[in-house]
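The values are calculated or read from the model by the stated rules, or taken from the named source; none is laboratory data. From a predicted model like this one, the values you see are computed outputs, not experimental measurements. Neighbour counts run over all protein chains shown; Cβ positions are idealised from the backbone, glycine included.
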Amino acid sequence: MRALATLLLMCLPGAALAELSLVMVEQDGCVYCARWDAEIAPAYANTEEGRRAPLRRIDLHEPVPADLELDSAPRLTPTFILVDDGEEVSRIEGYPGDQFFWPMLDALLERAEP
């Protein structure tokens, strides 16, 4: 019976989709974080990328939340870490500006596709 229930859950739309999120590691006083907030943040949640990988913010000086498994501790801000069900897929260290951020994020998202 349990196997049948598992099979049925796997057949439901969206059941097998990974849960992606984009973790932004930031700190107070970070001018590049502020630039990202001004140039990207207002639109992010309304973009295809933002819907695929909702933004989650964490502070550089706080412990990494227990539900995240990162390849290494972030060292600079901003760092953008794409996670799949809490596990790091890849990251962007620093903010390259609005012209380069979107293509770099798209490359991260492509790596996360099965």
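You will find that of Arg91, Arg2, Arg52, Arg35, the residue that is basic (Lys, Arg) and modelled with pLDDT under 95 is Arg2 and no other. Does Val83 qualify as being in contact with a Leu (Cβ under 7 Å, 6 or more places away or on another chain) and in a loop (DSSP other than H, G, I, E, B)? No; evaluated as a whole, the condition is false for this residue. Exactly one residue among Leu82, Leu60 is farther than 18 Å from Ile40 by Cβ, in contact with a Ser or Thr (Cβ under 8 Å, 6 or more places away or on another chain) and in contact (Cβ under 8 Å) with a residue 24 or more places away in the chain, and that residue is Leu60. Of Val64, Val23, which residue is surrounded by 11 or more Cβ atoms within 10 Å (Cβ to Cβ), assigned to a strand (DSSP E or B) and either on the phi > 0 side of the Ramachandran plot or at pLDDT 95 or above (or both)? After applying the criteria, what remains is Val23.
For the range 67-114, the candidate set comprises residues that are touching a helix residue (DSSP H, G or I) at 6+ places or on another chain (Cβ under 9 Å) and hydroxyl-bearing (Ser, Thr, Tyr); within that set, the residue that is surrounded by the most Cβ atoms within 10 Å (Cβ to Cβ) is Tyr95. The residue that is nearest to the chain's Cα centre (by Cα), among those in the range 91-114 that are not in a helix (DSSP H, G or I) and not small (Gly, Ala, Ser), is Arg91.
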